[in-house]
1. Along the positive direction of the dipole of region 750-825 (beta-carbon charges: Lys, Arg +1; Asp, Glu -1; about the Cα centre), which of P783, G763, T773 reaches farthest?
2. Give me the one-decimal nm value for the distance between modelled label points at T176 and S226, 7 Å along each residue's Cα-to-Cβ direction.
3. May I ask you to evaluate 6.51 cos²θ - 1.76 cosθ + 1.60, the Karplus curve with θ = phi - 60°, for each residue of region 465-473 and list the ³J(HN,Hα) values in order in whole Hz, giving x for glycine and proline?
4. Would you calculate a helix-derived [θ] at 222 nm for the chain, using -39,500 (n - 2.57) for each DSSP H run of n ≥ 4 and dividing by the full residue count, to the nearest 500?
5. Run the accessible area of region 624-685 with a 1.4 Å probe and give the carbon-and-sulfur part as a rounded percent.
6. To the nearest 0.05, what FRET efficiency results for E391 and W539 with a Förster distance of 60 Å applied to their C-beta separation?
7. For region 66-176, what does the relative contact order come out to in percent, with C-alpha contacts under 8 Å and a separation of six or more?
8. Keeping every protein chain in place, order K171, K596 by accessible area at 1.4 Å, biggest value first, i.e. largest first.
Amino acid sequence: MKAFFRHIRYPVIVPWMLLFCSTVAAQTSEKLTLGGLPAVHRLVRGQAGLKAPVEILRDQWGVNHIYADNQHDLFFAQGYAAAKDRLFQFEVWRRRATGTVSEIFGPDELQRDIGARLFKFRGNLKDEFNHYHPQGEAIMKAYVEGVNAWIDEVLRNPEKLPVEFRILDIKPGKWTPDIVVSRHQGLLGNITEELNLGIAVARAGASKVKELVWFHPKDPQLDLDSTLRGDLLKEEILSLYNAYRRDIGFKPDHISISHKDSVELLERLNRFSPQGNAEPFRHGEGGSNNWVVNGSKTASGHAIMANDPHRVVAVPSLRYMVHLVAPGWNVIGGGEPVIPGVSIGHNEYGAWGLTVFKTDAEDLYVYDLNPDDLRQYRYKGKWLRMKEVRETIPVKGGVAVTVTLHYTTHGPVTYIDSLNRKGYAVKCGWLEPGGAPYLASLRMNQARDWEAFRDACSYSHIPGENMVWADRNGNIGWQAVGIVPVRRNFSGMVPVPGDGRYEWDGYLPIKQRPQVLNPKDGFFATANQNVTPDNYTNWNTVGFTWADPFRGDRINEVLGTNKTLSLDDMKALQTDYFSIPARTLVSLLSKIQIDKALAKEAQARLSGWEFVLSPNSVEAGIYAMWERQIMSHAREKFIPAELTGLVSVQLTRIIRWLENPEGRFGAQPIAGRDAFLRTTFEMAIEELKEKLGDSIDHWQYGQEKYKHITLVNHVPGLLNAQVKEKVDLGPLPRGGNSHTPNATGSDDNQTSGASFRIIVDVGDWDNTLMISTPGQSADPLSPFYGNLFELWARDEYFPAYYSREKIERVTKDRILMTPGKGKNK
């Protein structure tokens with residue numbers, strides 16, 4: 001039965017949906033027909049908090065198109081609708097933000113809660129809210145009111161509680177605006193890399209580290225200050241930071257659901273659900289792509305913007321799609337469900353997208369502590385006392401724990417070494433006002449031209465990003481954003497003494513970061529590689545470590561042709577599986593003498609291959625395994641044991657060594673290089689033989705035993721195998737790897753990649769294409785739970801309609817919310 005459902009693109013709406021309607025007071029339901037599609041009409045009367053009626057049209061792909069008469073009601077409805085779809089995801093976000101995870105999961109999560117409270121934003125909240133938008137405080141409050149309105153309804157009607165709450169025997173807590181501006185889920189900085197590099201330098205020296213790590217475009221200073229004891233640097237120094245940043249892992253002892261409830265859940269899933277749920281709270285960094293192309297290069301004659309941010313792929317999705325319409329607002333696209341506005345999308349004037357621009361706004365400071373009072377640290381020749389904040393943390397199954405948090409002039413203290421009288425603190429640019437991820441997109445949502453967009457970008461502090469823009473005036477542009485400190489006398493790549501000699505000289509204004517307007521090539525693309533112009537002057541504010549350039553090089557190759565580019569070409573490029581490393585490595589392999597029969601046959605299969613890692617390709621299967629062996633063998637060969645886990649060698653570096661083998665592969669470098677290639681290739685063939693059998697014809701890349709995607713539900717999946725079978729998604733075949741534009745990672749099961757895709761032709765907003773995975777809802781009983789999974793896995797899209805007329809034609813669910821007695825005046 002599960003296999004059958006995988007082939008249904010859009011689950012059928014059936015009457016049982018009416019059991020899960022959004023009601024606050026009275027409700028009526030009737031079946032309508034809109035544009036030939038069945039629709040469910042719901043009337044939600046008496047919604048306290050609304051000023052005027054709000055209409056929500058939900059299209060057949062699950063996107064809510066929200067129409068409101070005023071700004072307050074628009075964001076109230078956004079919060080309400082998102083919480084209705086993702087309430088357990090909201091609850092986990094709230095607990096991570098407030099440091100209350102151990103209240104439901106016990107003492108194992110205490111370190112996480114301490115870390116969350118240690119790194120909490122403690123500045124003026126009114127200034128913080130209004131940084132993101134002139135009416136930011138009002139927007140945050142309205143959004144939270146909407147979230148809480150849905151929570152109130154669920155608490156009045158416990159049967160509407162998502163199953164995760166029943167499994168864990170908890171109830172959702174109310175939201176406050178400060179939760180929205182939490183930093184816990186953002187892509188923050190490089191502090192872990194900084195500590196690891198410091199440890200590596202202490203063990204092997206700066207020159208050895210530079211030999212292995214690909215630093216560019218400038219060479220950073222890595223030598224440790226002579227007053228630092230490198231032997232005291234250790235991973236525990238960042239234990240609190242890493243604890244609150246790590247994913248939440250569920251364990252069997254977290255479950256409180258009864259056997260009766262388990263059987264009831266299984267029966268409900270057997271009756272209603274063809275789809276599944278999975279872990280909603282992982283965060284991770286991956287590659288991302290975006291580009292803008294002007295009308296001189298497009299088939300429509302109008303500019304095109306394309307973006308596919310790569311993060312964790314899970315159920316429910318990290319992303320949430322929405323269309324917001326009210327006076328002053330008409331924006332559609334994707335963001336995160338717990339954040340108001342749209343991070344990536346378009347309004348009626350222009351379109352924008354983002355990728356990560358490497359930005360270092362974190363530094364680790366090391367202090368000498370007063371032997372007579374470890375709460376005092378040496379700074380500028382004086383003993384200063386740390387600021388202290390006391391917090392009480394509830395713990396499931398035990399008594400509440402009271403902790404004292406410490407802060408220096410630089411920031412939160414993560415570790416005190418009482419034996420050696422050393423203290424360690426992290427200075428974070430993202431603890432300044434404006435450090436909540438993506439919220440400055442609220443200003444972008446209303447930008448009308450390039451200058452207004454750049455103004456909005458100047459408020460975007462976190463994360464460091466490549467923001468691209470395309471508008472109806474024919475302009476395309478790029479602006480690097482993100483808060484970045486000015487360091488005059490150090491690189492920020494290794495820990496430094498906190499005695500006052502290594503200080504930030506303020507922050508570089510964002511508009512002084514790299515940017516371009518209407519580039520001469522007619523396009524601009526980013527893929528997390530270094531795109532800083534050679535003539536840029538503020539090099540001390542640019543990162544030193546970047547992604548391999550292969551994805552970006554491939555995108556530039558395609559966009560740089562003389563071909564007139566269509567939306568289909570943009571789709572093909574976003575989902576492109578062409579591998580630039582394969583083009584180089586296979587060429588080197590063709591000159592190698594292979595003697596083992598099966599490996600020799602596999603080598604011959606690569607002759608004439610076009611270097612595309614497509615799911616049904618045997619050649620892709622051979623190459624992908626070989627690339628994995630090259631990476632693994634290079635780590636073993638080139639990284640000393642004492643640096644294992646501290647530094648990594650990028651494929652770019654390895655390929656350069658292979659192309660120029662002198663000094664790397666022994667006294668006879670060419671022979672040594674060839675031996676390396678032969679050995680790794682033969683290892684790959686043995687791995688494929690063990691994995692997929694003796695016949696090369698069975699080694700196609702995209703299959704369940706090889707490259708695929710399976711999304712696993714880590715909560716209901718703990719109950720029993722029958723429930724797990726109903727709620728997990730996949731496997732479905734995938735192609736590509738970490739180095740193709742359609743980045744799918746290098747493991748067998750894809751866990752990160754294009755979490756959201758959008759392509760916008762600014763000449764016709766109704767031609768916009770979008771896709772997310774696996775669906776908008778976190779409820780296994782919802783038709784919008786996994787309905788996009790197969791579409792996404794096939795690298796396809798759906799139309800993101802913008803005009804009311806076209807939206808009406810694909811409306812599946814219409815909700816009219818009217819104000820109640822408790823409405824705002």
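1. Of the listed residues, the answer is P783.
2. Going from the T176 label point to the S226 one covers 5.1 nm.
3. Along region 465-473, the couplings run 9, 8, 9, 10, 9, 9, 9, 6, 7 Hz.
4. -9000 deg cm²/dmol
5. The value for region 624-685 is 47 percent carbon and sulfur by accessible area.
6. Step by step, r from the Cβ atoms, then E = 0.90.
7. Relative CO of region 66-176 lands at 38 percent.
8. K171, K596
The values are calculated or read from the model by the stated rules, or taken from the named source; none is laboratory data. Since we're looking at a predicted model, the values are computed, not measured. Glycine gets a Cβ as well: all are built from the backbone with ideal geometry, and neighbour counts include every protein chain shown. Just the protein is used for accessible areas: all its heavy atoms, side chains included, with ligands, DNA and RNA removed. Shrake-Rupley method; radii C 1.70, N 1.55, O 1.52, S 1.80 Å.
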